[in-house]
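Inspection log for the structure reproduced underneath, given as structure tokens.
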Amino acid sequence: MLVFLLALALVLSGLSLGRWQLSRAEQKLTAQAAVEAQASKPALDNAQLLADTPVSHLYRSAVLRGQWIPGQTVLLDNRPMEGRVGFYVLTPFLLEGSKSSVMVQRGWIPRNFENRADVPQVASPTGVVVLVGRITPPPGALYDLGTQPEGQIRQNVDLKQFASAAGIDLLTEISVQQTDAVSGGLLQHWPVVNVGVDKHYGYAFQWFALAALIAGLYAWFQIIRPRISRPKD
């Protein structure tokens, strides 16, 4: 009886966890559909971006007018693109007709590993320019050891701290990934947004398979095998 109860508990646990993974997959599918719906909407302009909560515009395309803020370019270190490690180039962009700025992920540039002190120089056009890109969350944070120096090369950037230090009015909940050709030679092969549905299907399969295995082993060792090995009269 104890073996039966243990096997039953394990089978039910496996089935429950498998169903939970399927429900997570459904949630991720809904999220992916929302991302794709946002991407299909018309491009935002300055006024539309500022007219609503910035995060409501995530993953929409945008065509913005404004000026690069000189002297505020940041290089995020250890950022891969196309299998190589280098820098993400970030520069705040002052939106025309307002005092608000947005941080722009302008693209990727390789690092000089022979001379790590060599800081790449990225030119920022002066005057009013047109920026084409898409609204994204701020750059993700990488694990770092201790406090990073607040110089041009950084491991991570906290937009609220950056705005306070730079003395600018910055939209800190979003950034813009630049996608136009006017990038100064920077690579802009940004990763496609993927909410990770496949992994949940994989986990669900594993849990269902484990439940089936436990049920099969119980049936074999507790029911089928004893009957087969029972002496015939």
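The values are calculated or read from the model by the stated rules, or taken from the named source; none is laboratory data. Since we're looking at a predicted model, the values are computed, not measured. Quick reminder, even Gly has a Cβ in these numbers, built from the backbone with ideal geometry, and neighbours come from all protein chains shown. Quick note on the areas: whole protein, heavy atoms, side chains included, nothing else; ligands and nucleic acids left out. Shrake-Rupley method; radii C 1.70, N 1.55, O 1.52, S 1.80 Å.
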Segment Val197-Gln32, extension gain: residue separation times 0.36 nm, minus the distance between their alpha carbons: 58.5 nm
Computed magnitude of the charge dipole of the chain (debye, nearest 20; Cβ of K, R +1, Cβ of D, E -1): 1080 debye
Helix runs (DSSP H) in the chain reaching 27 Å along axis by Cα, Kyte-Doolittle at least -0.5: 2-39, 197-218
Amide H contacts of Asn78 (H built 1.01 Å from N, under 5 Å, at least 5 apart or other chain): Gly86
Mean ellipticity per residue at 222 nm, deg cm²/dmol - from DSSP H runs of n ≥ 4 across the chain, formula -39500 (n - 2.57): -11000 deg cm²/dmol
Exposure of Glu26 as accessible area (Å², to 10), given a probe of 1.4 Å and all protein chains: 100 Å²
Relative contact order of the chain, pairs being alpha-carbon contacts under 8 Å that are 6 or more residues apart, as %: 28 percent
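Based on alpha-carbon positions alone, could you give the equivalent ellipsoid semi-axes of the chain from the gyration tensor, as √(5λ), descending, whole Å?
53, 22, 15
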Once exposed loop chymotrypsin sites (Phe, Trp or Tyr not before Pro) are cut out (DSSP; at most 14 other Cβ, 10 Å), longest piece of the chain: 1-112
Nonlocal amide H pairs with Leu170, under 5 Å, H built at 1.01 Å: Ser101
Neighbour count of at most 16 Cβ within 10 Å plus DSSP loop: longest trypsin sites (Lys or Arg not before Pro)-free window in the chain: 117-231
Options Trp220, Ser164, Gln105, ranked by Cα towards positive dipole end of the chain, top entry (Cβ charges): Trp220
Ellipsoid equivalent to segment 1-61 - semi-axes via the Cα gyration tensor, in Å: 48, 10, 4
Two-decimal Rg/Rh across segment 77-135, once Rg and the Kirkwood Rh are taken from alpha-carbon atoms: 1.04
